[in-house]
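Contents: one structure, followed by commentary.
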Protein chains: 2
Amino acid sequence: MNRKKTTPITIKDLAQELNLSASTISRALADHPKISQATKKLVTDKAEQLGFRLNAIASSFRSKKTKSIGIIVPRIDIDFHSRVISGIEDYAYKSGYHVIIFQSKDSYKMEKEIIHNLQNMMVEGMIICLAMETKNFDHLKKLIKTKLPIVFYDRTPETFDTNKITINDFESAFNATEHLIKIGCKNIVHVAGNQSTGIFRARLEGYKAALKSHHLPVQEDHIYVTHNLSYQEGMACTEKILELDPLPDGVFCANDYTAASVVQVLNKRKIKIPEQIAVVGFSDYPIAQIIVPSLTTINDRAVQMGEAAAKMLIQHIQDHDFDIIDHQVITLKTELIVRESSARKT
Amino acid sequence: MNRKKTTPITIKDLAQELNLSASTISRALADHPKISQATKKLVTDKAEQLGFRLNAIASSFRSKKTKSIGIIVPRIDIDFHSRVISGIEDYAYKSGYHVIIFQSKDSYKMEKEIIHNLQNMMVEGMIICLAMETKNFDHLKKLIKTKLPIVFYDRTPETFDTNKITINDFESAFNATEHLIKIGCKNIVHVAGNQSTGIFRARLEGYKAALKSHHLPVQEDHIYVTHNLSYQEGMACTEKILELDPLPDGVFCANDYTAASVVQVLNKRKIKIPEQIAVVGFSDYPIAQIIVPSLTTINDRAVQMGEAAAKMLIQHIQDHDFDIIDHQVITLKTELIVRESSARKT
DNA sequence: ATATTTTGGGCAAATGTTTGCATTAATAAA
DNA sequence: TTTATTAATGCAAACATTTGCCCAAAATAT
């Protein structure tokens, strides 16, 4: 009949019960080598029996280790980011870390605020995908100066070098475009993303480079720059594309939403894909497999990117061999997935 | 030239600098009414100047408030869940809480383990969507007995009452089916989800009830139960459906992936949608708008569900008027979104 | 038998903040 | 002027755990 209120039991209670010191309990629980197996068992059994829970806050407070990492993404409910987060959480969990997630909503102000809060929370590191609005990187530089391990992915700071995981957007776009050329396209247009973002600039450059390397002309009126690569924007673009004379014979889109919209509009106009116009997207979203014809696209390795980011971060947190590393860049291989929308013509 | 190492400055440092006591600093920072505006400004300015950060861990340790809530979802990279999480994070952030997210991967073992960890972490509440594997609810009952506020969503415990946010799956399915009936379908099949999960049973029941209420026969061979409502399973189902004689004139699917697969297979077979067979899905995934014909479906209010869950949870955490509430159930209105796949026949 | 090492634990400090209560200063009432 | 009141701040304890250092006993070596 424990009548002594319902206050949670602490390490001291255990100590008292077992006639041991608090330090021994602490060490036993932490599987410290200096504690005998016998006492360890005694302790864990008693802990179990009494329903003891180690107060993680007190523990963090004393040890200065929170075992938590902060994640900042523009939004969680975007396929790409939710997959990256999934990869991060997976790896982090296996390594004994948990993730605290925030959405910047692409707002610079939010981003700064969140970073500030995360520092107060004493996360041991952060994984960040920059807000679209972020053009000034001072807050990030300051953050990095604090020596807190940070890893960026996808949208990364452009004015200085830092830890990051990206895919080779240039090369991926190059490959995608070259693929179109190899199946016989000679007049390829590109639906591009917001040019204030590095990765979309890189994709555009990759497109151009592929054309040049195959001695095809780069025509400015074949480049359609969108604001956010939405499905709706893609539709509008396609309408404009269809006014071209002659019609292009290939379209490379900077993401799968716009590519899907191109496919749909062409279908509606009874333009044969890929015979008349071949289409290639980017990111391998679920729709890519579902639309008809299915979409050739680039596997952007979202989950792996998350895992790689978590791995890099946790290495920097734990392994002091990494202390002398100024910054580390990992570029993931992408993969061209050829589907019906660019199945070899003829 | 601060040479005294790089140890973070504390409230005491501030106190010393300003010739005040630590308690005053603490109160000033917390905007306590008993502190004069003048000193508050003094303190915040100095804090700013010195780059002071309030140690949130120490604060939590002392105050017993972590301002954190735990979220357990089967997986983050599923449209529905990522949208729910987005809604939760949004509301939580506005209320001064942050979210710690875990994926159970639909594993019962993981779910238990995560709950255990979250309790140690002293989150102030949890929002949970049960793992598919979870059939035994003892760990949840025990959890709830601790008085920690918990809110479930989507997949919720079935053997006892508790706080939860759901949509009315039965009614939604009823409406979807009735919609098909109203546009003239008389021979409707249902692609159902895993019947070990309550929401999918409810959708099946809603389907049946709609048929009955319109004096249409409920035929067991018109019900196709899948394991996880994947796109692939949907394809297989559709093949079987097409062996029916006579062909059905309507299909109601328990999610949009299977509905999309139905649409695609029918397209391939040159079966006109909706003229020959009308199709209705569930959840309003992005594909629903993109496939051709676009998909009639049910808006499942994922984001709102997240917001509602967060709101309910935070109320239970903060407002002691809620202490006398044994449990609270909120059922969200859904919405039938009529698109081309069930545009009135004829 | 003594000296030395190993093994298993205990002591007590330290961590940064919050908070109930006490105290002082300032103002108002008598 | 004295007293009561209010406003603003200080004191010190408490929070649960970890960890460097110390110590006793047991085991091993000499």
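Brief remarks follow.
- The alpha carbon centroids of the stretch A:59-138 and the stretch B:140-187 are separated by 32 Å.
- For a modelled paramagnetic label at B:ASN120, 7 Å from Cα along Cα-to-Cβ, the residues of the stretch A:17-36 in reach, with backbone nitrogen under 12 Å, are A:29-31.
- Label point of B:GLN232 (7 Å along Cα→beta-carbon): distances to the other copies' equivalent points are 3.6 nm, sorted ascending.
- Qualifying lysines (Cα of each under 16 Å from Cα of A:LYS147; at least 8 residues distant if same chain): A:LYS64, A:LYS65, A:LYS164, B:LYS5
- Of all accessible heavy-atom area on the stretch B:96-211, the percent that carbon and sulfur account for (1.4 Å): 53 percent
- Placing +1 on the Cβ of every Lys and Arg and -1 on the Cβ of every Asp and Glu, with no other charges, gives chain B a dipole of roughly 1380 debye about its Cα centre.
- The value of relative contact order for the stretch A:288-346, using C-alpha pairs under 8 Å at least six residues apart, is 58 percent.
- Most positive-pole-ward Cα, B:THR238, A:LEU313, B:PHE80, against dipole of the protein assembly as shown from beta carbon charges: A:LEU313
- Computed FRET value (nearest 0.05) for B:GLU243 with A:LEU242, which takes r as the C-beta separation and R₀ as 45 Å: 0.65
- Extents of the stretch A:100-141, taken as max minus min of Cα coordinates on every principal axis and listed largest first, are 26, 20, 15 Å.
- Modelled spin labels at B:ASP138 and B:VAL338, positioned 7 Å past Cα toward Cβ, are 5.2 nm from each other.
- Three-way shape call for the stretch A:11-54 based on the alpha-carbon gyration tensor, with the a/c threshold at 1.5: prolate
- Evaluated on the protein assembly as shown, the Kirkwood hydrodynamic radius is 28.0 Å, with distances taken between all distinct Cα atoms.
- Nm distances between copies for B:GLN328, ranked from closest, using label points 7 Å along Cα→Cβ: 4.6
- Of the solvent-accessible surface of the stretch A:11-54, computed with a 1.4 Å probe over protein heavy atoms with every protein chain present, carbon and sulfur atoms account for 50 percent.
- In degrees, nearest ten, helix B:256-268 long axis to first principal axis of chain B (Cα): 40 degrees
- Result for chain A in a Gaussian network model with C-alpha springs under 10 Å: among A:LYS64, A:LYS34, A:LYS333, the largest mean-square fluctuation is at A:LYS34.
- Of the residues A:SER63, A:SER82, A:SER213, the one that moves most in a GNM of chain A with alpha-carbon contacts below 10 Å is A:SER63.
- Accessible heavy-atom area order of B:THR6, B:THR39, B:THR238, highest first, probe of 1.4 Å: B:THR6, B:THR39, B:THR238
- Ligands, DNA and RNA excluded, the heavy atoms of B:ASP284 present near 30 Å² of accessible surface to a 1.4 Å solvent probe.
- Cα-projected label distance for A:THR331 with B:SER21, points at 7 Å along beta-carbon direction, nm: 6.1 nm
- Long-range amide H partners of B:ILE150 with built H, under 5 Å: B:MET126
- Karplus 3J(HN,Hα) series, Hz, for the stretch B:205-216 with 6.51 cos²θ - 1.76 cosθ + 1.60 (x for Gly, Pro): 5, x, 4, 4, 4, 5, 4, 4, 5, 10, 6, 9
- Chain B: angle of helix B:231-241 to the longest principal axis, Cα-based, in degrees nearest 10: 20 degrees
- B:ASP321/B:THR44 FRET efficiency (R0 41 Å; Cβ-Cβ; nearest 0.05): 0.80
- Degrees separating the helix B:108-120 axis from the principal Cα axis of chain B, which is the longest one: 20 degrees
- Buried accessible surface for the A/B chain pair comes to about 4200 Å², total over both chains, computed with a 1.4 Å probe.
- Accessible surface area normalised per residue over the protein assembly as shown is 47 Å², counting heavy atoms of protein chains with a 1.4 Å rolling probe.
- Magnitude of the charge dipole, the protein assembly as shown, Cβ model with Lys/Arg +1 and Asp/Glu -1, debye to 20: 2280 debye
- In the stretch B:83-106, the residues whose accessible area drops by at least 30 square angstrom when the other protein chains are added to the isolated chain are B:SER86, B:GLU89, B:ASP90, B:TYR93, B:HIS98, B:VAL99, B:ILE100, B:ILE101, B:PHE102, B:GLN103, B:LYS105; the probe is 1.4 Å and only protein heavy atoms count.
- GNM remark for chain B: springs join alpha carbons under 10 Å apart, and the peak mean-square fluctuation among B:ILE241, B:ILE57, B:ILE199 falls on B:ILE57.
- Dipole magnitude of the stretch A:233-346 about its Cα centre (Cβ charges: Lys, Arg +1; Asp, Glu -1), debye to nearest 20: 740 debye
- Value at 222 nm in deg cm²/dmol, rounded to 500, when DSSP H runs of n ≥ 4 in the protein assembly as shown each add -39,500 (n - 2.57): -13500 deg cm²/dmol
- Three-way shape label, chain A, alpha-carbon gyration tensor, a/c 1.5: prolate
- Loop-exposed GluC sites (Glu not before Pro) per DSSP, neighbour cap 16 Cβ within 10 angstrom, longest uninterrupted part of chain A: A:1-132
- Alpha carbon centroid spacing (whole Å) that separates the stretch B:226-250 from the stretch B:257-289: 11 Å
- For B:MET110, net neighbour charge (Lys/Arg +1, Asp/Glu -1) across residues whose Cβ lies under 14 Å away: -1
- Shortest-first distances to equivalent copies, position B:THR159, nm, label 7 Å out along Cβ: 6.0
The values are calculated or read from the model by the stated rules, or taken from the named source; none is laboratory data. Since the model is a prediction, treat every value here as computed from it, not as a measurement. Cβ: placed from backbone, ideal geometry, glycine included. Neighbour counts: every protein chain shown. To get the accessible areas, we keep the full protein, side chains included, count just its heavy atoms, and leave off ligands, DNA and RNA. Shrake-Rupley method; radii C 1.70, N 1.55, O 1.52, S 1.80 Å.
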